[in-house]
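To keep things clear, I will list the structure first and then write my remarks on it.
The values are calculated or read from the model by the stated rules, or taken from the named source; none is laboratory data. Small disclaimer: the values here were computed from a predicted structure and weren't measured. When we count neighbours, we look across all protein chains shown, and the Cβ atoms used for this are built from the backbone with ideal geometry, even at glycine. In case anyone asks, the SASA skips ligands and DNA or RNA and just uses the protein heavy atoms, side chains included. Shrake-Rupley method; radii C 1.70, N 1.55, O 1.52, S 1.80 Å.
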Amino acid sequence: IEETNNEILSDKSIVEFDFTNTRFIAGEMTVLLGMLLKEIQRSNKTYKLNNMPDNISNALTRNNFLPYFQGGMALSDIYNNTIQFYCGDARDDNKLNEYLNKQVFGNTHWFDVTSGQQEKENISSAIHELAINVHEHSTVNEVLCCGQYYPNIHRLSFSLADNGISIPTSVHKHYPTIYNTDSGLINWATQRGNSVKASPASGLGLFSVKDKLTSSGGLTIISRYGYWQKSPD
């Protein structure tokens with residue numbers, strides 16, 4: 001991320017990514033690459049994806065990442081393990097819900113890796129809450145999502161990201177007297193009753209997300225230089 005930002009701030013008009021030594025990209029982590037490409041576009045520069053091995057290119061075409069950024073059609077996924085790349089308005093609940101129902105809950109592996117309805121409600125509620133947080137706190141209205149099913153190890157991995165201001169920046173903006181590391185500020189934001197919202201009903205944002213997702217899975221939050229992780233309860 002830092003290298004890409006340095007390239008954006010340079011006098012170069014094209015930011016190039018070299019995939020020569022790339023052997024694998026986890027499906028859920030393509031949101032990171034998507035964030036970088038979006039930031040380059042927002043800076044009115046262009047990008048090139050160079051020397052991409054066929055297996056990486058095929059994976060990023062199956063999950064609709066390359067078709068989204070470069071055009072063309074997504075490849076069919078005979079194993080149905082892919083949760084396609086999504087980029088949309090954080091305020092559009094209907095579109096996000098349609099995406100989740102089709103790509104996550106409608107996948108044939110859903111019942112292979114989960115126990116069903118309660119986990120569906122928890123995941124859906126948490127993702128919608130995160131989208132609301134993006135709109136209310138990050139200064140942007142765009143969310144990026146992607147994921148991957150790993151049926152052999154009974155695992156579903158899913159990521160949601162945005163290019164707005166970070167959680168530590170938002171917390172410090174509203175509470176300048178809180179001095180902590182970025183990871184510590186993320187941890188503060190996940191505690192019951194802690195919020196940067198002005199509403200009396202605030203305080204359930206990231207705490208609610210943490211509560212719902214760690215009831216049956218793990219949660220990792222990466223923001224600015226902070227890394228925070230909680231395993232299943």
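Put simply, when 133-142, 13-22 are sorted by average Cβ atoms within 10 angstrom per residue, most first, you get 133-142, 13-22.
Which shape class applies to region 27-168: rounded if a/c is under 1.5, otherwise prolate when a/b exceeds b/c and oblate if not, where a ≥ b ≥ c are the square roots of the Cα gyration tensor eigenvalues? The shape class here is oblate.
Each peptide in 163-173, 74-84, 57-67 was scored by the mean count of other Cβ atoms within 10 Å over its residues; highest first, the order is 57-67, 163-173, 74-84. With protein chains left intact and a 1.4 Å probe, residues in the chain average 55 Å² of accessible area per residue.
Packing around the peptides 145-151, 210-216, 27-33, taken as the average count of other Cβ atoms within 10 Å per residue, puts them in this order, highest first: 145-151, 27-33, 210-216. So, counting K/R as plus one and D/E as minus one, what does the shell of residues with Cβ under 11 Å around VAL31 add up to? My count for the surroundings of VAL31 gives -1.
Per-residue ellipticity at 222 nm computed for the chain from its helices equals -11500 deg cm²/dmol, with DSSP H segments shorter than 4 residues left out and the rest contributing -39,500 (n - 2.57). Pairs spanning more than 19 Å between alpha-carbon atoms, out of LYS12/LYS38; LYS102/LYS212; LYS173/LYS210; LYS12/LYS45: LYS102/LYS212; LYS173/LYS210.
Kindly state, to the nearest 0.05, the FRET efficiency for GLU3 paired with THR220, given R0 = 22 Å and r defined as their beta-carbon distance. Rounded to the nearest 0.05, the efficiency is 0.50.
Within the shell defined by Cβ-Cβ distances under 15 Å, the residues around PHE19 carry a net charge of -2, with Lys and Arg each +1 and Asp and Glu each -1.
With the charge dipole of region 11-137 set up from +1 on Lys and Arg Cβ and -1 on Asp and Glu Cβ about the Cα centre, the Cα lying farthest toward the positive end among the listed residues ILE132, GLY72, LEU96 is that of GLY72. Span-like helix criteria (full DSSP H runs; alpha carbon extent of at least 15 Å along the helix axis; mean Kyte-Doolittle hydropathy of at least 0.0) are satisfied in the chain by 30-42. Net charge in the neighbourhood of LYS95 (other residues with Cβ under 13 Å of its Cβ; Lys, Arg +1, Asp, Glu -1) is -3.
For the chain, with all protein chains in place and a probe radius of 1.4 Å, 49% of the accessible heavy-atom surface sits on carbon or sulfur.
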